[in-house]
Ligand code: C5P
């Protein structure tokens with residue numbers, strides 16, 4: 001069988017993570033959350049490491065830091081992610097993962113456009129700002145973070161604006177991506193729709 005690569009892009013809290021994990025399980029593929037790589041890099045800059053140095057010397061251990069899901073780290077991630085040299089330092093690892101023997105699902109912002117333009121299936125997952133803020137707010141509250149819905153909404157908007165406006169690998173749907181708007185879908189429905197599309201395209 002041919003090796004399957006699935007690229008999943010879209011703004012923060014649109015459901016990329018859940019969808020990626022479900023597709024990886026359904027099709028027996030490895031999964032890489034590329035946001036984690038930028039979060040781990042951003043996380044190190046909060047300790048005073050320079051952004052490029054942080055990206056160039058990132059270790060597996062950095063990817064396991066337990067505070068990568070905080071709003072502060074998300075913001076730091078999107079700041080370092082706008083630096084072209086930082087992105088360049090992180091490309092090889094992501095492409096090597098995508099070429100793994102068994103096939104892979106990668107999720108992020110530039111997977112379908114830059115990291116895996118050759119992916120067999122590409123999704124651009126979106127949802128309204130209100131729905132995304134609601135979802136992320138719930139996750140953060142469940143994780144014990146002291147946040148407000150308004151604060152989460154403005155953080156998401158600021159991050160999406162920065163990710164879309166940057167010159168280097170901006171967040172944009174690939175021309176051949178299928179857009180999946182999850183505003184009015186529960187997770188199970190979104191997963192079913194995505195599995196159907198992958199099956200049709202392969
Ligand atoms: O996906 P997640 O929200 O964890 O990503 C954190 C940040 O990392 C994003 O806001 C974006 O700035 C950056 N990122 C990126 N390219 C990717 C994945 C994430 O620029 N492929």
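Read the figures in this text as sums done on the coordinates, not as results from a lab. None of the values given here were measured: they were computed from a predicted structure. With ideal geometry, Cβ positions are generated from the backbone for all residues, glycine too; neighbour counts draw on all protein chains shown.
FRET efficiency for the pair residue 197 and residue 99, taken as 1/(1 + (r/R0)^6) with r the Cβ-Cβ distance and R0 = 25 Å, rounds to 0.65. Largest first, the extents of the alpha carbon coordinates of the range 97-136 on the three principal axes equal 38, 18, 13 Å. Once the C-beta distance of residue 91 and residue 148 is scaled by a Förster radius of 45 Å, the resulting FRET efficiency is 0.80 to the nearest 0.05. When Rg and the Kirkwood Rh are both derived from Cα coordinates, the Rg/Rh ratio for the range 79-161 amounts to 1.05. Both the radius of gyration and Dmax for the range 1-102 are 14.2, 47 Å, in that order, over alpha-carbon atoms.
When each of 111, 187 is scored by the number of other beta-carbon atoms lying within 10 Å, the sequence from fewest to most is 187, 111.
Size of the range 120-202 from its Cα atoms: along the principal axes, largest to smallest, the extents are 44, 35, 19 Å. The packing ranking, built from the mean of other Cβ atoms within 10 Å per residue, places the peptides 11-17, 163-169 in the order 11-17, 163-169, highest first. Note on the range 56-114: Kirkwood hydrodynamic radius from all Cα pairs is 13.1 Å, rounded to one decimal.
Each peptide in 24-31, 45-52 was scored by the mean count of other Cβ atoms within 10 Å over its residues; highest first, the order is 24-31, 45-52. Shape analysis of the chain based on the Cα gyration tensor places the equivalent ellipsoid semi-axes at 25, 21, 15 Å, largest first.
With R₀ set to 25 Å, the beta-carbon distance separating residue 176 from residue 56 gives a calculated FRET efficiency near 0.20.
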